[in-house]
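The values are calculated or read from the model by the stated rules, or taken from the named source; none is laboratory data. Note that this is a predicted model, so its numbers are computed, not measured. Cβ atoms come from the backbone with ideal geometry, glycine included; neighbour counts cover every protein chain shown. Calculation scope for accessible area: heavy atoms of the full protein, side chains included, ligands and nucleic acids excluded. Shrake-Rupley method; radii C 1.70, N 1.55, O 1.52, S 1.80 Å.
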Amino acid sequence: MEDSTPTSAEVPLSISLDPSHPLYVHASDNPGVTLVTVPFSGIGYVFWRKHILIALSAKNKAGMINGRINQPSPNSPLYDHWLRCNDMVFAWLSNSVSRDIADSVLYCDTARDLWKDLEERYGQSNASRYYQIQREIGGVSQGSRDIASYYTRLRKLWDELKTASFGPTCTCGAEPLCSEG
């Protein structure tokens, strides 16, 4: 009877990663974590997105969704680390959206694919929301609010207006002089 135990030449060598390496997953990280306090339900994508990016950056994992950390080849010593990190980020993102949205992205292959799917569906700004925000800004008055509350309300609308712009996006890096956008 043949022994089916792999030989040492068949077992991929695992390497240890420095805790500052983006593929390093700490023992305290777990897939049940929710990165944001309020899961995304289809409303308020811009704010949810910002909080996710901050959380992933703090965990040194933003590269898993923005394309800076690419999937290594299966024979790379980093492949198993990448798989583990990808699964962790995938779980974190899935836990940070509503059940319906999580079910709709369950079959994405990677955390990056999941992120791109959400960006395509919810990240598209539209002209009507842009103009609605402009109207809200024009209608804000201090009224009985203290100056800090008044300013905070305006600041939130200004920030949302800045991120809700519509039309072609510059991809050449020459903004604002770009002829592409």
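Things worth noting here:
- H51 - accessible surface, heavy atoms, 1.4 Å probe, Å² rounded to 10: 110
- Each label was represented as a point 7 Å from its Cα along the Cα-to-Cβ direction; for S128 and D159 these points are 2.6 nm apart.
- Of all accessible heavy-atom area on the range 46-142, the percent that carbon and sulfur account for (1.4 Å): 47
- Using the 1.4 Å probe convention, the accessible area of the range 52-94 works out to 49 Å² per residue with neighbouring protein chains retained.
- Qualifying chymotrypsin sites (Phe, Trp or Tyr not before Pro) for the range 69-108 [loop in DSSP, other Cβ within 10 Å: at most 11]: Y107
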